[in-house]
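Structure record follows, encoded as structure tokens.
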């Protein structure tokens with residue numbers, strides 16, 4: 001079995017939309033149109049991907065060895081490609097699902113996507129995801145609180161207070177998910 005040179009991209013940031021496509025394929029093989037439909041039905045409030053973007057993502061993920069396709073003949077239409085997740089793709093997806101996001105701005109897109117697919121694919125891992133995300137945010141709260149005590153001007157203080165308020169709100173929201 002040959003491995004694709006691009007599969008091991010652990011240190012290179014990946015487009016979060018890659019994971020949305022991988023997540024849909026983890027639910028079962030699908031045609032590109034079906035991937036698009038499932039993303040729009042399940043994640044329309046989070047990800048807004050055009051069908052052309054999804055096809056481009058599928059091609060890119062296939063080149064990396066994370067998905068593969070099978071051509072299926074149709075009676076009166078041209079053959080269609082049915083995509084499925086490769087073992088490497090499943091590994092990449094599961095690794096992503098288990099890791100918290102590092103920036104508060106990534107909660108709205110990436111963390112909500114992780115939460116959605118964790119609940120569908122491996123719901124037993126949801127408490128671990130929420131707990132690890134809470135730990136990241138609590139560390140940020142502690143760090144920024146220390147920095148706040150050293151603020152020298154009003155604007156810097158306002159910026160830090162805003163960031164702290166955002167993190168506290170996210171912590172409160174995450175704690176509600178733990179119940």
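At-a-glance table
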| read-out | value |
| --- | --- |
| Tally, over the stretch 70-93, of residues that are within 17 Å of residue 19 (Cα to Cα) and free of Cβ contacts under 8 Å to residues at least 60 places away in the same chain | 5 |
| Given (1) modelled with pLDDT of 95 or more; (2) assigned to a helix (DSSP H, G or I); (3) within 26 Å of residue 22 (Cα to Cα), index of the condition residue 108 fails | (1) |
| Matching residues, the stretch 1-25, being surrounded by 18 or more Cβ atoms within 10 Å (Cβ to Cβ) and either at pLDDT below 90 or under 13 Å from the mean Cα position of the chain (by Cα) (or both) | 17, 18, 19, 20, 21, 22, 23, 24 |
| Qualifying positions in the stretch 44-57 - surrounded by 11 or more Cβ atoms within 10 Å (Cβ to Cβ), out of contact with any helix residue (DSSP H, G or I) (no Cβ under 6 Å at 6 or more places or on another chain) and not in a loop (DSSP other than H, G, I, E, B) | 53, 56 |
| Residue check for residue 43: in contact (Cβ under 8 Å) with a residue 60 or more places away in the chain, within 15 Å of the chain's Cα centre (by Cα) and at negative phi | yes |
| Meets criteria (buried (at least 19 other Cβ atoms within 10 Å of the Cβ), in contact (Cβ under 8 Å) with a residue 40 or more places away in the chain, under 13 Å from the mean Cα position of the chain (by Cα) and within 18 Å of residue 175 (Cα to Cα)) for residue 107 | yes |
| Qualifying position, being within 21 Å of the chain's Cα centre (by Cα), more than 22 Å from residue 171 (Cβ to Cβ) and assigned to a helix (DSSP H, G or I), among 155, 134, 129, 120 | 120 |
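The values are calculated or read from the model by the stated rules, or taken from the named source; none is laboratory data. In this text the structure is predicted, and so the values were computed from the model without any measurement. Positions of Cβ are generated from backbone atoms using ideal geometry, with glycine treated the same way; all protein chains shown enter the neighbour counts.
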